[in-house]
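Student: Below is a structure I'd like to ask you about.
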Amino acid sequence: MGEFTVHRVRFFDYMPSAIRAMAFNPRTERLAVARADGAVEIFNFADNYFQEKVIPGRDGGTVEALCWVGPRLFGAGLNGAITEYDLENLRPRYSVEAYGGPIWTVSGDSAGTMLAVGCEDGTVKMFEILDETIRFQRNLERQKGRIISLSWHPSGALIAAGMIDMIRIFDAETGRATHRLLVERGAGASKSREVVVWSVVFLSDHTIVSGDSAGKVQFWDGHTGTLVRTHLVTKWDVLALAVSQDESSVVAGTSESIVVQFQFISSTVGRQDNEWVRTRTFKNHSHDVRALVHTETAVVSGGMDTQLVVRPLLDKVEKNTQESSLRKIAFPHRSLVCCAKKAGLLLFQFPEHLELWRLGESEGHGRAGDSLPVKRKPEKLIHLKRKGDDHIRCSAVSPCGGWLVYATVSGVRLYRIQHDNNNIGVTKVSKLPKSLCSAHQLCFSSDSSKLFAASGLSSVVVVALDPLECKHLHTLRPKSGSRQPVHLLCVSDDGKWLASANTDCEVHVYNLKKMKLHCKVPVYSSCPTAIGINPVTSNLVTVHADQQVFEFSLQQKEYTEWSRRLQQRGLHPVWLQRDTPVAHITFNPRNPAHIVLHDVFMLCIIDQSLPLPEARTPLLNQMMLRSLPEAERSRQSHAFKICKSFQHLLSMTLLDDQSLVAVERPLLDIVSQLPAPVRQKKFAT
Amino acid sequence: MARKQRGATAHGSSKTADNGDGGHAEHFSLLLESSDDEAPEEVTFEDSKTQALRSMKDALDTVRREKEQLKEKRRRRQELFQEQKKRRLLPADVLEEIDSSSFAKKQKPSDDKAEEQQQEEDDEEEEERGKTQKKRSGKLAHARNLKGNYTVATVKERSSATFQQQVAQDFIQSRLYGPGSCRTTNNELLSLQNKKGRNQSAAVQFVKKDWASKERAKAEKMKKRWIHKQQVHSC
């Protein structure tokens with residue numbers, strides 16, 4: 001099979017950002033997640049919860065609330081502006097100042113014509129949603145105190161606003177405040193502290209549900225303005241509320257990291273006296289839950305522990321199926337690490353800077369599972385801070401280690417790296433072609449002579465590298481005219497082929513010698529998560545979000561024999577049930593039949609010369625094979641060789657000298673740097 | 001009038017000396033006595049003239065002194081500002097270099113050392129943003145030199161929008177993490193998980209090698225000291 005020395009890299013201090021707000025679009029089945037550093041991520045719930053798009057944030061740009069209006073996404077933050085996001089070019093399209101101070105909440109009415117924002121100065125501002133922009137219409141009656149949360153009545157006639165110590169109901173036509181619901185403060189020591197209504201929901205039968213900082217979930221009658229029922233859920237704050245589409249279930253997220261569900265059912269079977277009863281409690285987080293979404297079949301929660309948790313409700317889905325399992329998305333679905341194969345360098349991408357490290361060296365040989373002594377420690381060569389306020393979107397280092405490039409929303413910066421015995425010099429290349437204004441993905445050719453940048457309309461810009469001035473060589477365009485962004489770029493080792501994949505599930509292959517489109521791979525319904533071109537056979541291998549693997553021959557422009565056999569046999573059920581996507585594909589230069597892939601929890605080498613596994617035999621049979629004698633082993637081994645020794649893998653590459661580089665980020669290291677959790681007194685501790 | 005003043009002060013002192021209940025009555029009687037018995041004192045014209053002149057001269061003197069003090073203060077401030085302004089501008093050689101370059105974006109010649117390159121980039125940044133950080137080198141003649149090294153930097157302009165944003169962020173921070181929020185540390189959370197987990201293990205700072213390195217070093221020192229003490233005792 002093969003023996004590899006593995007560089008176990010654990011000095012990548014990757015720190016994800018807390019989830020601040022979420023919004024779900026039921027028609028397109030997309031979830032938009034806003035993080036504390038201003039980044040917005042889009043997850044496709046229909047495609048195995050794949051993280052399709054990431055819009056990077058900027059310094060000082062926090063997003064407090066998100067809202068979908070049809071296919072458009074709006075966000076508002078503490079800098080006082082409402083931003084519409086361009087989901088095709090992955091950037092903010094425009095920002096409109098609300099002139100009311102920091103904005104705490106934004107909400108659109110069910111008709112999709114008006115947008116209401118709650119501001120620091122106590123006004124609820126109404127904006128009209130036009131085709132290309134939004135326009136300020138009027139202010140509702142100004143209140144004494146900040147507006148923390150908002151909710152429209154489904155009819156669009158009333159708005160409930162949660163403030164400090166009270167909830168106000170506004171008439172949307174006249175703008176006057178009609179009712180004032182006074183929220184009780186907490187008992188005991190918290191009597192002197194004001195209670196903040198963190199979240200309100202207005203139901204169609206005029207019931208208002210509110211969650212406040214005293215830990216209560218209260219149900220109010222919106223017609224009379226009276227309190228119907230109080231549920232004391234926690235000693236800390238109730239931070240988020242979400243209601244299901246049919247308004248029969250409300251979930252509340254707390255600082256205590258639990259999510260509580262209330263359902264509108266009757267306490268005795270058969271009778272029709274429905275009331276709101278507390279039913280389930282979900283404990284899937286370790287820190288505060290700040291954002292909640294209730295879809296038709298699941299409860300999606302996110303908070304300060306940076307993980308996105310999807311909990312399907314067991315009365316809506318079938319038990320014990322793939323659909324009903326708990327999903328925790330903790331790591332990004334794209335690679336933040338780039339490896340310079342020939343030079344043995346690693347580039348780590350952080351939102352605000354880049355780090356270039358040289359791998360350490362060890363000597364000696366050992367048996368499988370041994371740790372070799374480290375002769376030379378890994379060292380950080382360059383720490384490059386980004387210019388401007390925007391966060392880094394993508395970055396790359398050339399295989400020889402001589403060029404470094406990164407792209408933000410506003411531009412691309414290219415640097416030349418000089419290695420002189422012990423010194424490293426970084427020079428910025430200032431003359432870049434105008435067509436290289438912004439890039440979604442960046443990739444260097446293997447001989448470090450060209451740079452490929454994916455830009456708008458799924459096109460790829462080819463630039464010749466030169467220390468003084470880089471010239472634009474060509475722009476490769478697909479024929480389909482898709483407007484979706486390219487999220488994967490891959491170039492073959494011999495410099496002949498370039499493959500690009502966009503979020504419309506299209507994969508295009510370009511011939512670099514002729515600089516034109518070579519072919520388009522037949523579109524599969526799931527989005528590709530990783531692509532790679534075999535250096536020897538020139539076959540394109542794609543792995544998709546639903547864990548399907550395809551191999552496409554570029555010379556013959558059709559699926560290979562092995563790929564057809566795999567599809568006929570079908571992939572092993574254990575392989576299909578994995579819940580993290582494959583992030584990177586690489587190949588073994590000494591053995592063209594090997595495909596090396598990895599996802600967060602495993603590393604897999606697919607040997608195309610071995611038989612495919614049967615569905616009823618176990619997939620993870622490496623440990624068992626080791627214990628068998630030689631003859632037995634060759635009968636039982638199959639093509640998928642999976643190793644689970646390294647977790648959690650952020651990246652894995654194969655260097656030219658037959659050593660594997662596995663970049664791990666243990667979850668414990670991330671948890672230890674999170675903000676403080678609440679102190680819970682547990683029995684016997 | 002002078003007599004009345006003198007009379008009042010004399011009686012004032014005697015009043016304080018007395019400090020009795022009949023103070024008020026006594027005071028009145030004393031005043032009446034003085035006004036009835038004594039003849040008005042003689043004050044010569046020269047005396048009063050010299051006194052008046054003296055007082056005028058004094059007044060003029062004070063005014064002049066004040067003016068001079070103010071002038072002195074203003075002069076000192078002006079000098080201080082000029083000094084600061086001089087320090088704000090970049091050294092002459094860098095200015096020359098910038099002047100001699102073309103108007104288009106010029107390429108700085110690449111150096112081999114990374115630090116120099118970073119410094120040049122920093123300089124570029126400095127002239128773009130107009131921010132300087134320099135150590136106070138010499139002592140200014142009229143300024144006080146406070147103890148310790150400190151740097152002088154111009155403050156970035158903070159508009160009211162960022163101030164409001166800061167207030168809002170402070171509000172969230174204080175509500176969630178401020179006093180009264182009963183928070184604990186991640187260390188404790190993970191240690192409790194270890195204690196209640198299926199495979200019970202020690203608190204996280206003992207399990208992970210690189211955690212709590214300072215406490216570990218302290219514990220090592222204590223252990224060595226204790227062992228040494230034990231050896232000394234036994235010997």
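The values are calculated or read from the model by the stated rules, or taken from the named source; none is laboratory data. Predicted model, so just to flag it, every value in this text is computed and none were measured. A quick note on method: Cβ atoms are made from the backbone with ideal geometry, for glycine too, and the neighbour counts reach across all protein chains shown. Remember, those area values only see protein heavy atoms, side chains included, never the ligands or the DNA or RNA. Shrake-Rupley method; radii C 1.70, N 1.55, O 1.52, S 1.80 Å.
Student: A:A214 fails exactly one of the following numbered conditions: (1) open to solvent by 20 Å² or more (accessible area, probe 1.4 Å); (2) touching a Leu at 6+ places or on another chain (Cβ under 7 Å); (3) of a type in the set (A, V, I, L, M). What is the number of that condition?
Tutor: Of the numbered conditions (1) open to solvent by 20 Å² or more (accessible area, probe 1.4 Å); (2) touching a Leu at 6+ places or on another chain (Cβ under 7 Å); (3) of a type in the set (A, V, I, L, M), the odd one out for A:A214 is (2).
Student: Do any strands (runs of 3 or more DSSP E) lying entirely in segment A:159-236 carry at least 2 residues that are of a type outside the set (V, I, T) and farther than 20 Å from A:V251 by Cβ, and which ones are they?
Tutor: Once the strands (runs of 3 or more DSSP E) in segment A:159-236 are filtered for at least 2 residues that are of a type outside the set (V, I, T) and farther than 20 Å from A:V251 by Cβ, what remains is A:166-171, A:177-182.
Student: Does A:V309 satisfy being outside any loop (DSSP other than H, G, I, E, B), closer than 30 Å to A:M652 by Cα, touching a residue at least 24 places away in the same chain (Cβ under 8 Å) and among the aliphatic types (A, V, I, L, M)?
Tutor: Yes; evaluated as a whole, the condition is true for this residue.
Student: Scan segment A:291-303 residue by residue and report those that are touching a helix residue (DSSP H, G or I) at 6+ places or on another chain (Cβ under 9 Å) and either under 17 Å from A:L66 (Cα atoms) or of a type in the set (S, T, N, Q) (or both).
Tutor: Result: A:T295, A:T297, A:V300.
Student: Within segment A:1-29, take every residue that is farther than 23 Å from A:L674 by Cβ and among the aliphatic types (A, V, I, L, M) and give me the one that is most open to solvent (accessible area, probe 1.4 Å).
Tutor: A:M1
Student: Where residues in segment A:234-256 are open to solvent by 20 Å² or more (accessible area, probe 1.4 Å) and more than 21 Å from A:I19 (Cα to Cα), which of them is farthest from the other protein chains (Cβ to nearest Cβ)?
Tutor: A:D246
Student: From A:C527, A:C470, which residue is within 14 Å of chain B (Cβ to nearest Cβ) and open to solvent by less than 20 Å² (accessible area, probe 1.4 Å)?
Tutor: Going through A:C527, A:C470 in turn, just one is within 14 Å of chain B (Cβ to nearest Cβ) and open to solvent by less than 20 Å² (accessible area, probe 1.4 Å): A:C470.
Student: Right, here's the next one. Consider segment A:209-233. How many of its residues are among the small types (G, A, S) and more than 14 Å from every other protein chain (Cβ to nearest Cβ)?
Tutor: Total satisfying the criteria: 3.
Student: Being closer than 30 Å to B:L176 by Cβ and outside any strand (DSSP E or B) is the filter here; which residues of segment A:262-295 pass it?
Tutor: Once the filter is applied, which keeps residues that are closer than 30 Å to B:L176 by Cβ and outside any strand (DSSP E or B), segment A:262-295 yields A:K283, A:N284, A:H285, A:S286, A:H287, A:D288, A:T295.
Student: Determine if segment A:480-503 includes at least one residue that is within 14 Å of chain B (Cβ to nearest Cβ), in contact with a Cys (Cβ under 7 Å, 6 or more places away or on another chain), aliphatic (A, V, I, L, M) and open to solvent by less than 20 Å² (accessible area, probe 1.4 Å).
Tutor: Looking for residues that are within 14 Å of chain B (Cβ to nearest Cβ), in contact with a Cys (Cβ under 7 Å, 6 or more places away or on another chain), aliphatic (A, V, I, L, M) and open to solvent by less than 20 Å² (accessible area, probe 1.4 Å), one finds none in segment A:480-503, hence no.
Student: Here's a check for you: in segment A:657-682, which residue that is over 23 Å from the mean Cα position of the chain (by Cα) and more than 10 Å from chain B (Cβ to nearest Cβ) is nearest to A:D305 (Cα to Cα)?
Tutor: Among those that are over 23 Å from the mean Cα position of the chain (by Cα) and more than 10 Å from chain B (Cβ to nearest Cβ), it is A:V661.
Student: Here is a further query. Provide a single number: the residues in segment A:390-439 that are within 13 Å of another protein chain (Cβ to nearest Cβ), open to solvent by 60 Å² or more (accessible area, probe 1.4 Å) and in a loop (DSSP other than H, G, I, E, B).
Tutor: 2
Student: Name the residue that is nearest to A:H584 (Cα to Cα), counting only residues in segment A:630-656 that are basic (K, R) and open to solvent by 70 Å² or more (accessible area, probe 1.4 Å).
Tutor: Within segment A:630-656, the match that is nearest to A:H584 (Cα to Cα) is A:K644.
Student: To continue, here is another question. Please identify the pairs in which a residue from segment A:139-153 that is at pLDDT 90 or above has its Cβ atom under 6 Å from the Cβ atom of a residue that is part of a loop (DSSP other than H, G, I, E, B) and among the acidic types (D, E), counting only partners at least 6 apart or on another chain.
Tutor: Close Cβ pairs (under 6 Å, with a partner that is part of a loop (DSSP other than H, G, I, E, B) and among the acidic types (D, E)) amount to A:R146/A:E120; A:W152/A:D109.
Student: Counting only residues that are under 29 Å from the mean Cα position of the chain (by Cα) and part of a strand (DSSP E or B), which one in segment A:115-141 is farthest from A:S155 (Cα to Cα)?
Tutor: A:C119
Student: To continue, here is another question. Working only within segment A:495-535, note down all residues that are under 29 Å from A:V600 (Cα atoms) and not in a strand (DSSP E or B).
Tutor: Those that are under 29 Å from A:V600 (Cα atoms) and not in a strand (DSSP E or B): A:T503, A:D504, A:C505, A:E506, A:P522, A:V523, A:Y524, A:S525, A:S526, A:C527, A:N534, A:P535.
Student: Among the residues of segment A:84-104, which ones are part of a strand (DSSP E or B) and surrounded by 24 or more Cβ atoms within 10 Å (Cβ to Cβ)?
Tutor: A:I103, A:W104
Student: Right, A:T295: surrounded by fewer than 16 Cβ atoms within 10 Å (Cβ to Cβ), out of contact with any Cys (no Cβ under 9 Å at 6 or more places or on another chain) and either under 23 Å from A:F219 (Cβ atoms) or touching a residue at least 60 places away in the same chain (Cβ under 8 Å) (or both) or not?
Tutor: Considered against the rule, which asks whether it is surrounded by fewer than 16 Cβ atoms within 10 Å (Cβ to Cβ), out of contact with any Cys (no Cβ under 9 Å at 6 or more places or on another chain) and either under 23 Å from A:F219 (Cβ atoms) or touching a residue at least 60 places away in the same chain (Cβ under 8 Å) (or both), A:T295 comes out as no.
Student: Something else now. Exactly one condition in (1) crowded, with 16+ Cβ neighbours inside 10 Å; (2) without any contact (Cβ under 8 Å) to a residue 12 or more places away in the chain is not met by A:G303; state its number.
Tutor: Only one criterion in (1) crowded, with 16+ Cβ neighbours inside 10 Å; (2) without any contact (Cβ under 8 Å) to a residue 12 or more places away in the chain is unmet by A:G303, namely (2).
Student: Same structure, new question: Among the residues of segment A:314-334, what is the count of those that are touching a residue at least 24 places away in the same chain (Cβ under 8 Å) and open to solvent by less than 50 Å² (accessible area, probe 1.4 Å)?
Tutor: Of the residues in segment A:314-334, 7 are touching a residue at least 24 places away in the same chain (Cβ under 8 Å) and open to solvent by less than 50 Å² (accessible area, probe 1.4 Å).
Student: If you check A:T133, A:T123, which single one turns out to be out of contact with any Asp or Glu (no Cβ under 6 Å at 6 or more places or on another chain), modelled with pLDDT under 95, open to solvent by less than 10 Å² (accessible area, probe 1.4 Å) and among the hydroxyl-bearing types (S, T, Y)?
Tutor: From the options A:T133, A:T123, the qualifying one is A:T123.
Student: Could you count how many residues in segment A:43-83 are in a strand (DSSP E or B) and open to solvent by less than 30 Å² (accessible area, probe 1.4 Å)?
Tutor: Qualifying residue count, segment A:43-83: 18.
Student: Consider A:A32 carefully, then state whether it is within 14 Å of another protein chain (Cβ to nearest Cβ), part of a strand (DSSP E or B) and open to solvent by less than 40 Å² (accessible area, probe 1.4 Å).
Tutor: no
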